[in-house]
Amino acid sequence: MSDPFASGWGAGPKPGPGAAASPRLLLRRLRQALAAPGDGQQRLDQIVTLIAHSMAAEVCSVYLIRGQDTLQLSATEGLKAEAVHEARLKIGEGLVGVIARDGRPVVTAKAREHPEFRYLPETGEERYSSFLGVPIQKLGRTMGVLVVQNERPLNYSEEESEALSLVAMVIAEMAEAGTLLTNATGEGEHHSREPIHIQAQGAADGVAIGPAHLHEPKLLLPNPIAEDPAHERARLQDALGRLRADIDAMLDGDGVADEGEHREVLETYRMFANDRGWVRKLNEYIVSGLTAEAAVDAARTEARAKLRGAHDAYLRERFDDMDDIAQRLMRRLITPDADAAMPATGAILVARTLGPGEIMDYPRGLLGGIVLEEGAISSHAAIVARAMDVPLIVQAGGITREAETGDPMIVNGDQGHVHIRPREDVVTAYEEKLSLRAQEKATFAALRDLPSRTLDGCDVTLYMNGGLVADLPSLDESGAEGVGLLRTELHFMLNKAMPTREDQARFYGHVLDKADGRLVNFRTLDIGSDKVLPYLKQPREENPALGWRAIRVGLDRPVVLRMQLQAMLRAAAGRPLRVMFPMVAAFAEFEKARGMLLEEAEKVDAEMRPESLKIGAMLETPSLAFAQRRFFEMADFVSIGGNDLVQFFFAADRTNERTAGRYEVTHPAFLSLVRMIVERCGEAGTELSFCGEAAGRPLDALALSAMGIRALSMRPASIGPVKRALRAADLAALYAVAEDAEASGQRVRDALIQHCHENMVPI
Ligand code: PEP
Ligand code: MG
């Protein structure tokens, strides 16, 4: 950046006292002024005076955003003093409103002729012809607008616009740090502290009240203006050096010895960390007077502003990478507050997005709830949250912007409500809800040891789904009869590198110990699609849900599968062992995988062989329901993976929030499929269970049981509600209701709900 201040400000007719001030000098003056005691308003007043003088401008004003859509004149040099806090514009209204809306500067020598001009009579601005306004923004969030005006029609230069933007960035940093815009009455805070309600989507049930905790703490820059550029340059160099060394170390480490997505990402990071254009830009900001961290932030803000409105997915992705690398550099420049690292017990974790591994990094019982700006209901992160019994909200737009660590929050995972800084009456209502829930929990606890037998005498065995060591205490608490689905990939996801055979055997052995003779269905590694292991090479695919995943990977990469089978056999060490393979689409796949397991079992010393070995398949693709009879005869057991089966049956992506939840298991077409599977398993004498999420929803569980399913596996927290519903239900009656509804064209789900209400079946 050339020095826009070096040649004096504007072609103004009456240069002010600081007309030849360089941006660095201006920033230094700003810093000195701001170091003096004073409230937010006094500081703003000092800023506008300083800028007006330095730029030989007759007017300098700051407009700040108030509430959702209003800009308020908050300080001015040159306009009428009585208009301060009175003059208001809507975002999008007038030149100032347009700058706030578009996040881009506006410059004109003849403001009155500009199509967007709107005159505010209370300010007395009609005299001023030339106008230069820039947004006050930080990382895509506009906080206000900074304006200079002159009477004579002047053409402000691009350098002047850039320099004013630099000052606006400093104002934004100060606003973010809270050092600037609060006054004695608390008015003038940089963003709303009002109660906010966001209607999003519930992905894991439950209600929680607790303080917000930002997963990525906002890095506040205590002081964006530097004293000594040489020192700042050295700090930047040092931080860049450490960043590059860390990326190199990650790339050379054992964890990413294979190629794959993770390596690609790191390679991209390395490229950006060495990008000369970026480093030059950072140094230019430092020369202008910013600290190293403010320079990094300013470059991010500028890039974000440029990208605003860009629809090119590739560009956006590159930008996200760039943004991430900037954040990493920032963390090497600012020591984060150590206390902020761990949330308080019961805190509500707020993040843009989280992977399952990141959720598992938090100890069980610590988090009260999780709210994500992105994410999907059927994602693996959601499954982990449900397994950990933590309410989860996804698609909560604006949450990372609106919530601050420590803000009181309420999450309602049942209905997708999020309340930030809730009003007292809302808190009271939720406290009542929580106490009701505690009572319900006590009811379910009382059911724990009672059989799940329906009114017409059908026993439906209830198992739990698991995958984490932290799940296992639930076996006893919930009264589950065993683990109907052990998702082994969760253990893999938890690890930074492929777990060794010994690691795996230890984990599986621990599960069997805790199960203490109860049934455990170990499912072999089910990766691909939304389940990604960063250390395992996985090609980029157009349709990953239909791609190289689950047993397909296992059969093509038998080393990994065999190692896992060996670990299971080793863990069983003479005890009964049940293993099932995920996403089997064709009999031949099952036959082959089963053959591998039998071969591995043969290799085990006779006395250490499992007491019994049952081999099953997950039925998750419609094709397997139509497999030859031999399949059903060969499989010891079949478990319907309803999440995937619904996805493939209805061709509806389970991870896309537009399609997930659109189709339900009570759809008559799906119920027919279930009936058919029940019949085919019955004919061949094959054990059958259902282990998708639907098994844990009382109404769905009743419908599936009515179709003849006699074993359901679900997250532990669902066992109580499902058992309560089953104990009050008559499956034969429910079957008849479904059949009648289907025949008469009534929506089956509605008919089932009506029946349950009429017969006091709690669903
Ligand atoms: C399923 O698809 O229903 C299932 C249980 O497997 P996952 O959800 O782990 O894919
Ligand atoms: Mg599945």
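Before moving on, here are some points about what is shown:
- The set of residues in the range 542-554 that are over 22 Å from T659 (Cβ atoms) and in contact (Cβ under 8 Å) with a residue 40 or more places away in the chain contains only I551.
- Residue in the range 496-518 that is of a type in the set (A, V, I, L, M) and within 13 Å of ligand 1 (Cβ to nearest atom) present: no
- Checked against the criterion of being out of contact with any strand residue (DSSP E or B) (no Cβ under 8 Å at 6 or more places or on another chain) and either in a strand (DSSP E or B) or within 16 Å of ligand 2 (Cβ to nearest atom) (or both), the range 481-499 contains one or more residues that satisfy it.
- Scan the range 659-676 for residues that are among the aromatic types (F, W, Y) and buried (at least 22 other Cβ atoms within 10 Å of the Cβ) and the total you get is 1.
- Consider the range 456-480 and keep the residues that are surrounded by fewer than 21 Cβ atoms within 10 Å (Cβ to Cβ) and assigned to a strand (DSSP E or B). The one that is farthest from ligand 1 (Cβ to nearest atom) is D459.
- Meets criteria (assigned by TED's automatic domain parsing to the domain that holds A208 and farther than 21 Å from V371 by Cβ) for D425: yes
- Extreme residue, farthest from I677 (Cα to Cα), among residues of the range 614-630 that are of a type in the set (A, V, I, L, M) and more than 8 Å from ligand 1 (Cβ to nearest atom): I615
- Inspection of the range 582-594 finds no residue satisfying the criterion of being in a helix (DSSP H, G or I), at pLDDT below 95 and open to solvent by 20 Å² or more (accessible area, probe 1.4 Å).
- Of the strands (runs of 3 or more DSSP E) lying entirely inside the range 144-243, those carrying at least 1 residues that are buried (at least 23 other Cβ atoms within 10 Å of the Cβ) and modelled with pLDDT of 85 or more are 201-204, 207-214.
- Among the candidates D456, D503, D513, D476, the residue that is under 25 Å from I763 (Cβ atoms), away from ligand 2 (no atom under 16 Å from the Cβ) and in the same structural domain as R715 (by TED's automatic domain parsing) is uniquely D456.
- R557 being away from ligand 2 (no atom under 16 Å from the Cβ), without any contact (Cβ under 8 Å) to a residue 40 or more places away in the chain and within 36 Å of the chain's Cα centre (by Cα): yes
- Only one of V96, V134 that is under 16 Å from S165 (Cα atoms), in the same structural domain as N155 (by TED's automatic domain parsing) and without any contact (Cβ under 8 Å) to a residue 40 or more places away in the chain: V134
- Looking across R727, R715, R710, R747, one residue alone is open to solvent by 50 Å² or more (accessible area, probe 1.4 Å) and within 25 Å of V520 (Cβ to Cβ). It is R710.
- Residue pairs meeting the criteria (Cβ under 9 Å; at least 6 apart or on separate chains; first under 16 Å from E358 (Cβ atoms) and β-branched (V, I, T), in the range 522-541; second part of a loop (DSSP other than H, G, I, E, B) and more than 10 Å from ligand 1 (Cβ to nearest atom)): V532/G355; V532/Q538
- All of (1) modelled with pLDDT under 80; (2) out of contact with any Leu (no Cβ under 8 Å at 6 or more places or on another chain); (3) assigned to a helix (DSSP H, G or I) hold for G309 with one exception: (3).
- Only residues that are aromatic (F, W, Y) and either open to solvent by less than 40 Å² (accessible area, probe 1.4 Å) or in a helix (DSSP H, G or I) (or both) were counted across the range 602-630, and they come to 0.
- Lone unmet requirement of (1) surrounded by fewer than 19 Cβ atoms within 10 Å (Cβ to Cβ); (2) assigned to a helix (DSSP H, G or I) for L450: (2)
- Top-ranked residue in the range 60-72 [being surrounded by fewer than 24 Cβ atoms within 10 Å (Cβ to Cβ) and more than 18 Å from G103 (Cβ to Cβ); ranked as nearest to the chain's Cα centre (by Cα)]: G67
- Scanning the range 112-143 for residues that are modelled with pLDDT under 90 and within 14 Å of A175 (Cα to Cα) gives Q137, K138, L139, R141, T142, M143.
- Top-ranked residue in the range 649-658 [being within 13 Å of ligand 2 (Cβ to nearest atom) and within 21 Å of L704 (Cα to Cα); ranked as most open to solvent (accessible area, probe 1.4 Å)]: F649
- Whichever residue in the range 631-668 is in a loop (DSSP other than H, G, I, E, B), over 26 Å from the mean Cα position of the chain (by Cα) and closer than 25 Å to G595 by Cβ and, among such residues, is farthest from ligand 1 (Cβ to nearest atom): D636
- Taking residues in the range 497-513 that are over 17 Å from L472 (Cβ atoms), and partners anywhere that are open to solvent by less than 10 Å² (accessible area, probe 1.4 Å), the pairs with Cβ atoms closer than 6 Å and at least 6 places apart or on different chains are R501/A567.
- Residues that are assigned to a helix (DSSP H, G or I), among the aromatic types (F, W, Y) and modelled with pLDDT of 95 or more, drawn from the range 504-552: Y508
Matching residues to (1) of a type in the set (S, T, Y); (2) within 16 Å of ligand 2 (Cβ to nearest atom); (3) open to solvent by less than 50 Å² (accessible area, probe 1.4 Å):
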residue	(1), (2), (3)
F632	no, no, yes
D636	no, no, no
Q647	no, yes, yes
V678	no, no, yes
A684	no, no, yes
S705	yes, no, yes
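- Elements of the type helices (runs of 4 or more DSSP H) sitting completely within the range 690-754 and holding at least 3 residues that are assigned by TED's automatic domain parsing to the domain that holds T621 and under 35 Å from the mean Cα position of the chain (by Cα): these cover 698-706, 716-727.
- The single residue among L555, L565 that is open to solvent by 20 Å² or more (accessible area, probe 1.4 Å), in a helix (DSSP H, G or I) and in the same structural domain as G685 (by TED's automatic domain parsing) turns out to be L555.
- When R386 is tested against the conditions (1) more than 19 Å from A344 (Cα to Cα); (2) more than 16 Å from ligand 2 (Cβ to nearest atom); (3) charged (D, E, K, R), the lone failure is (2).
- In this structure, V98 qualifies as in a helix (DSSP H, G or I), of a type in the set (A, V, I, L, M) and open to solvent by less than 50 Å² (accessible area, probe 1.4 Å).
The values are calculated or read from the model by the stated rules, or taken from the named source; none is laboratory data. Only a predicted model underlies this, so the values are computations on that prediction, with no experimental measurement involved. Neighbour counts run over all protein chains shown; Cβ positions are idealised from the backbone, glycine included. Side chains are part of the model used for accessible areas, which takes the heavy atoms of the whole protein and leaves out ligands, DNA and RNA. Shrake-Rupley method; radii C 1.70, N 1.55, O 1.52, S 1.80 Å.
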